[in-house]
Amino acid sequence: MNSADISHRLSPLMTRDFTVPTRATGPASKPSEPGATATGTPAPADPPVAPGRGTFVGIFLISLATLAYELLLTRIFSVTMWYHFAFMAISVALFGMTVGAVLVYLLPRVFDPRRVHVQLAASSMAFAVAILASFLLHLRIPFRMEASAGAIAGLAATYLVIALPFILSGVAICLVLTRFGASVSRLYAADLVGAAMGCLAFIVILNATSAPRAVVFVAGLAALGAMAFGFETDKPALRFAAGLLAVVFLLFGSLSAEKTPWADRMFRLVWVKGQEEVPALLERWNSFSRITVMGLPGESVSPFGWGFSPEMPEDLRVKQLRVDIDAGASTFLTNFEADPANLEFLRYDITNLAHRIRSDADVLVIGAGGGRDLLSALLFDQASVTGVEINRTIVDLVTGPLGDFTGHLGADPRVEFVVDEARSYITRSEEDYDLIQISLIDTWAATAAGAFVLSENALYTVEAWQTFIDHLKTGGILSVSRWYYRDRPAEMYRLVSLAAAALREAGIENPREHLYVARTPISEGRAIGVGTLLLSRDPFTDADLAALGAATRELSFDTVLNRADSSDPFFAALCEEIKPAVPASIGRLDISPPTDDRPFFFNMLRLRDTFDRDLWELGNMSFNLKAVAMLGGLIILVIVLSAIFILGPLALAARSLGGERIAAPLIYFSAIGLGFMFIEISQMQRLIVFLGHPTFALSVVLTTMLLASGIGSLLTNSVAEGRLRSAGLMRVGALLGVLVAFGLATPMLIDAFESLAAQGRIAVAVVILAPLGLFMGMCFPLGMRAAAVSSPGLTPWLWAVNGAMSVCASVFAIAIAMAWGISISYWTGAACYAVALPAFGLMTVVAGRKDHEGTTDTTRAT
């Protein structure tokens, strides 16, 4: 996952000699040649006994920079590519660092232990330069969302270019943790603390500056690490070069854009979502989004909207600015001067249909954005409106620098802005509302801006809608607007399916009496419109239906579903049947109601149909479907690259090891490599909803798992060699018990404590994660100690197999969660550890037998 994961795999290697021990065979035995191991590779000279202070500072800074850069890439990929690929940074980091460590093991003549301090300084300085160089190159590689050889080649090029810094980081960390055996515990602690601080540094740095400048700043921290390593050498020129790089990079990363406009042009994002980007009026970054403002403040234009009625007067003009979130979602700022007449265009928007039947209402807007829905509430003279917005930067723009343009909405006594994740806020709130409005809030704006694809949109699940229903007053309405595709309205089908399921869970037997769906008219020349679903806590009254019918006719909207009529029989079937027959128009698309365990509302492509081109071309839905197909291509790409650059070279090297018994250790290390990532990613997916913010989940999960795994690994140092088999079996068995216990308990704990304040929820998350990390952290060092006895020449190969499996699991975990659910991904990880338990037993049987044989042979020789 990061430098500490690599360290976790390496730590036990440092305390043992990995040259194959030669056994005495009597007088006829021939001693090994001087300076060579039994495998034929040069025997390393005795490593330095104690590293200096610079080594500790260096490993701390390199680990910090490695993890911070990995997290920065999740943010940058969400902008330059699509949010689906943000998680690719995880597999890139794992892949690169594994390759780096493999190079150290395969090239012993190059990485001579006698020159370790110089190698550390040089590789760390190269790491700093590579961060900057690979990032600049990535900005100039176009990314295309299409299933073609060229697109896959571009994705592969991006993967390899971005992996380069992590290869160099892997070299440096591997050298530190394989050359100072006597001090490995303290070095490992410095590595873990550095990685944990990298999680926090990512948030702090990116909240203070833009992502491109943050990349340069992180490169400066890496250069500082190189300088620290340089103090252990006798090369003053090396120290000076590293120090100079650090000063330049840190200074540049700290300066404001106004002071270095030329640099901003150099680091400007060139290719965004496959297109060359136009410079923005204003740009802001934070730890989970990039905000750009486009347009001319003084220009009057036709109002922009997705769901306008054809009855809206054509001569209406308004001043608007467009706010883009990660270049994939948009909200609009409307010039407002306290005169409702300026807002008349909002009366013609289908997203505001609910305001026609509820007056003097308390309104909650989910996804306040630029304030459009808040202005609608003011236009319809509602009693109060609370706008919940996850992105503080947008709220700050609306109420700060662009406050004069937006009319300082926050100053109106009827308006309240809340910066929070909406579902988490509503769960903790004691307020009930007459109207809860969700207008085209989708995964790009909410989750992509969350910088991490390890969750989908938690607003569109059965459990979320039950929470919304619970916070409606008597007669209260939940209004949700989504895209309506003329020929294949699969997204609207799924929305109605979700509404019906939530109402049934609330004990309502006839959901149709509580639902009303209307859409904008869709002509032959236009394949897409907007549909609005109204869900009432109580059955719609005759007066409600009469008012809705009148408004729909007045605005020339189409009624799709009410309690008496349905323009599409399948909408009625979704309300009346739990699993109705799916119409041929949407083929094999999945329109089942999403749940918290499988919260992928926008992914309707089943895993088996990932590469079905016929399904990719379903009207304008092709984007989401092609994105999933690209993820399938990424899975194949990761497997191929891992085989070429990791497993292939190591397999060739392993041929020289002779007839070692490798089945049990191979199974064991593959199983724990897969299991660790499955558990970590699935728990992260679960906790994103619970913690209320993707950044919180990312930081809490990574920090807790890193520290707990490190402690677990260090605890295994106290296990005596004679008790290795029994202690190992006991600990791996205990891990299985912990996995089962927390696998069952986590959903219950989340439900029980989801109303706590942020600090309380973070504490609960730590309690959930720490025991898992502690016991999982024991598996690798215990296995490596056993392998060092049973198959000592295989230990580097086994470590790399473990890393390669982690690379693959980082992608497999997402695919399994999307196809079958987060819980299945979690239990897949638990099953991997169940396979590891007997494999460990077999491995330690061989280890015990070899120890006995070695003792007997030595006695005979004596």
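Overview of values
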{"item": "Residue within region 291-308 that is among the β-branched types (Val, Ile, Thr), under 24 Å from ASP396 (Cα atoms) and in contact with a Lys or Arg (Cβ under 6 Å, 6 or more places away or on another chain) present", "result": "yes"}
{"item": "Test: residue in region 159-166 that is farther than 20 Å from LEU715 by Cβ and outside any helix (DSSP H, G or I)", "result": "no"}
{"item": "Whichever residue in region 731-744 is touching a residue at least 12 places away in the same chain (Cβ under 8 Å) and open to solvent by 10 Å² or more (accessible area, probe 1.4 Å) and, among such residues, is nearest to VAL388 (Cα to Cα)", "result": "PHE742"}
{"item": "Some residue of region 708-730 being open to solvent by 40 Å² or more (accessible area, probe 1.4 Å) and within 30 Å of VAL388 (Cα to Cα)", "result": "no"}
{"item": "Output for region 390-408, where each listed residue is buried (at least 24 other Cβ atoms within 10 Å of the Cβ) and either charged (D, E, K, R) or not in a helix (DSSP H, G or I) (or both)", "result": "ILE390, ASN391"}
{"item": "Single match in SER429, SER359, SER424 (criterion: polar (S, T, N, Q), modelled with pLDDT of 90 or more and crowded, with 17+ Cβ neighbours inside 10 Å)", "result": "SER429"}
{"item": "Tabulated pairs, region 273-292, first within 16 Å of MET81 (Cβ to Cβ) and touching a residue at least 24 places away in the same chain (Cβ under 8 Å), second open to solvent by less than 40 Å² (accessible area, probe 1.4 Å) and part of a strand (DSSP E or B), C-beta under 9 angstrom, 6+ apart or interchain", "result": "GLU277/THR292; SER289/ILE325; ARG290/ASP324; ARG290/ILE325"}
{"item": "VAL171 being surrounded by fewer than 19 Cβ atoms within 10 Å (Cβ to Cβ), among the β-branched types (Val, Ile, Thr) and at pLDDT 80 or above", "result": "no"}
{"item": "Leading residue by the ranking (nearest to THR474 (Cα to Cα)) among those in region 324-373 that are among the hydrophobic types (A, V, I, L, M, F, W, C) and assigned to a helix (DSSP H, G or I)", "result": "ALA354"}
{"item": "ALA133 within 30 Å of ASN207 (Cβ to Cβ), of a type in the set (Gly, Ala, Ser), modelled with pLDDT of 80 or more and surrounded by fewer than 20 Cβ atoms within 10 Å (Cβ to Cβ)", "result": "yes"}
{"item": "Filtered residues of region 409-430 (kept if within 33 Å of the chain's Cα centre (by Cα) and part of a loop (DSSP other than H, G, I, E, B))", "result": "ASP420, GLU421, SER429, GLU430"}
{"item": "Residues of region 295-323 that turn out to be open to solvent by less than 40 Å² (accessible area, probe 1.4 Å), in contact (Cβ under 8 Å) with a residue 40 or more places away in the chain and in a strand (DSSP E or B), as a count", "result": "3"}
{"item": "Evaluation of PHE417 against (1) open to solvent by less than 30 Å² (accessible area, probe 1.4 Å); (2) modelled with pLDDT of 90 or more (one fails), failing number", "result": "(1)"}
{"item": "Residues (surrounded by 17 or more Cβ atoms within 10 Å (Cβ to Cβ) and either assigned to a loop (DSSP other than H, G, I, E, B) or over 34 Å from the mean Cα position of the chain (by Cα) (or both)) located in region 566-579", "result": "SER566, ASP568, PHE570, PHE571, ALA572, ALA573, CYS575"}
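The values are calculated or read from the model by the stated rules, or taken from the named source; none is laboratory data. Note that the structure is a prediction, hence the values are computed from the model and not measured. Every residue, glycine as well, gets a Cβ built from its backbone with ideal geometry; the counts of neighbours run over all protein chains shown. Calculation scope for accessible area: heavy atoms of the full protein, side chains included, ligands and nucleic acids excluded. Shrake-Rupley method; radii C 1.70, N 1.55, O 1.52, S 1.80 Å.
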